[in-house]
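Everything on this sheet refers to the single structure shown next.
Nothing in this text is a laboratory measurement; each read-out follows from the coordinates by a stated rule. All values reported here derive from a predicted model rather than from experimental measurement. Here the Cβ positions follow ideal geometry from the backbone for every residue, glycine too, while neighbour counts run over all protein chains shown.
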Amino acid sequence: MCPQAYDKGGMREEFSNSSRRLVEIGRRFDALGWVLGTSGNFSIVLDREPLRLAITASGIPKGDLTPNQILEIDANCAVVQRSAVVRPSAEARLHVAIARVKGAGSILHTHSIWSTVLSERYASTHGLMIEGYEMLKGLEGVTTHKHREWIPIIENDQDTTRLSDKVRGILIRYPTAHAFLLRRHGLYTWGDTVAQAVRHVEIVEFLLEAVARSEAPTWQP
């Protein structure tokens with residue numbers, strides 16, 4: 001077995017590299033208006049067994065993230081490695097559930113206006129179907145604009161243990177879904193790699209905005 005590599009600050013190199021990548025994502029998404037205030041949270045899977053994730057700290061503006069505001073947590077959301085902060089995202093349990101069920105390499109959560117609006121508009125049907133858009137082909141495994149993508153909507157819950165159980169159930173029920181929405185909250189998506197997860201955020205956010213804008217004239221107050 002190869003020995004672990006460490007950077008000059010004594011951090012495991014994989015964790016250090018993942019921290020820098022999450023900082024880049026935070027700045028990019030903040031510039032696009034997808035993680036305003038202190039909203040959103042991001043993670044990268046470092047190890048599978050035992051499960052280890054690099055994840056953003058709680059209450060930090062994502063456009064101002066620094067590497068020392070990324071934590072390493074285990075499958076119980078306990079902090080394994082830290083720099084200057086000690087509390088991971090309040091929704092860390094959802095990241096663990098997605099990493100386990102989907103085998104994801106990265107999980108990204110945004111709070112755009114469009115995901116929030118549609119999560120309420122379609123709450124009664126527990127999801128929305130998107131089809132016919134060329135951009136659907138940006139989702140992993142999708143090869144035609146005729147694809148029908150079901151995006152489940154889950155009722156938000158401040159009890160994250162209970163909410164993570166709901167998320168786990170939805171992911172098992174809809175194994176081909178690329179994302180889900182939390183009602184009046186935002187978007188969760190993931191990917192096998194960080195690049196794929198970022199692409200999925202961009203694609204789904206585009207699709208949600210396209211749907212919301214196209215339907216806006218028919219909305220009733």
Nearest-0.05 FRET efficiency for Arg183 and Val80, computed from C-beta distance (R0 35 Å)
0.65
Restricting to bridges with both residues inside the chain, how much of the DSSP beta-bridge set is antiparallel, in percent to the nearest 5?
95 percent
Kirkwood hydrodynamic radius, computed over distinct alpha-carbon pairs, for the chain: how many Å, to one decimal?
17.7 Å
From the phi of every residue in the stretch 183-189, what ³J(HN,Hα) in whole Hz does the Karplus formula 6.51 cos²θ - 1.76 cosθ + 1.60 yield, where θ is phi - 60° and glycine or proline is x?
4, 6, 9, x, 9, 10, 8
Can you tell me the Rg and the Dmax, both Å, for the Cα atoms in the stretch 131-221?
14.1, 41
Acute angle (nearest 10 degrees) that the helix 13-31 long axis makes with the longest principal axis of the chain, alpha-carbon atoms:
30 degrees
Pulled fully out, how much extra length does the chain show between Ala31 and Glu13, if you take 0.36 nm times their separation in residues and subtract their Cα-Cα distance?
3.7 nm
Listed with the fewest Cβ neighbours within 10 Å leading, Leu182, Leu128 appear as Leu128, Leu182
The Rg/Rh figure for the stretch 55-123, Cα atoms and Kirkwood Rh, to two decimals is 1.03
Taking the chain, how many lysine pairs are there with alpha carbons less than 27 Å apart, if each pair must be eight or more places apart or span two chains?
7
Working out 0.36 nm times the residue gap between Arg162 and Ala216, then minus their Cα-Cα distance, what length gain in nm do you get to one decimal?
16.1 nm
